Amino acid sequence: QKEVEQDPGPLSVPEGAIVSLNCTYSNSAFQYFMWYRQYSRKGPELLMYTYSSGNKEDGRFTAQVDKSSKYISLFIRDSQPSDSATYLCAMSEMSGTYKYIFGTGTRLKVLA
Amino acid sequence: NAGVTQTPKFQVLKTGQSMTLQCAQDMNHNSMYWYRQDPGMGLRLIYYSASEGTTDKGEVPNGYNVSRLNKREFSLRLESAAPSQTSVYFCASSAALAGGQNTQYFGPGTRLTVL
């Protein structure tokens, strides 16, 4: 079993839909949770970072962590065609460590 | 600012050939990283450099060497390329060892095919 599991998609939604992207993990020591967006043939860019449990909102994006269920989510409201990309989750046990564990990514297509 | 730059963008090698992937950052970051990205495997850390003058192995270091030439530059060398090293390679940098609030910034990647 992988430490971090992520549905590869592709996930296709119409413009304006609410998108839910998810990762599950097995290591209860993870405390830092990140979401990256990766456009085709580009490097990943950090979208959201969350420490421990709870929600964090940034514009149309909301990151949610449920440590009791070992489950994290990224919600995108009012999705746009420009949101079409692969979304990677990543986790680490502590700050100041090189050790990130990345999910395999979910490919999202927002149809105009 | 260019951020993180990588050269070359594409490369095709024959088995047994050697090459060096170059990476440079202009953000005055201390820490730099090399990852490979393969379908169904996610990003995996090959080597990292916490600060100038230090390098350490990551998850998948076999078949690779690195050099932290100075604060800006971190190169990845394949001494004898194998088909299993066909992948997309990303360099990244961060102000300090990444995790939590220390954001990693990624380069655009090098697509390497080994025949």
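What follows draws every value from the coordinates through simple rules; no lab data is involved. Note that this is a predicted model, so its numbers are computed, not measured. Positions of Cβ are backbone-derived with ideal geometry, glycine not excepted, and every protein chain shown enters the neighbour counts.
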Compute the signed sum of charges (Lys and Arg +1, Asp and Glu -1) over the other residues within less than 13 Å, Cβ to Cβ, of A:PRO81. -2
Inside 10 Å of the C-beta atoms of B:107-114, what's the mean count of C-beta atoms belonging to other chains? 1
Tell me, what is the FRET efficiency for B:ASN30 and B:LEU115 to the nearest 0.05, using R0 = 35 angstrom and their Cβ-Cβ distance as r? 0.40
Per-residue ³J(HN,Hα) for the stretch B:20-32, Karplus 6.51 cos²θ - 1.76 cosθ + 1.60, θ = phi - 60°, Hz, x for Gly and Pro: 10, 9, 9, 9, 9, 10, 10, 9, 6, 7, 7, 9, 9
May I ask you to list the lysines whose Cα is less than 21 Å away from that of A:LYS70, ignoring any residue fewer than eight positions away on the same chain? A:LYS2, A:LYS56, A:LYS99
Find, among the trypsin sites (Lys or Arg not before Pro) in the stretch A:3-112, those assigned to loop by DSSP (not H, G, I, E, B) with at most 15 other beta-carbon atoms within 10 angstrom. A:ARG41, A:LYS42, A:ARG60, A:LYS67, A:ARG77, A:LYS99
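If you take the beta carbon distance between A:ARG107 and B:ASN1 as r and set R0 to 41 Å, what does 1/(1 + (r/R0)^6) give as a FRET efficiency, to the nearest 0.05?
The computed FRET efficiency comes out at 0.90.
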Expressed in nanometres to one decimal, the distance between label points 7 Å along Cα→Cβ at B:ASP38 and B:ASP56 is 2.4
Just to confirm a number: summing +1 for Lys and Arg and -1 for Asp and Glu over residues other than B:THR86 whose beta-carbon lies under 13 angstrom from that of B:THR86, what do you get? +2
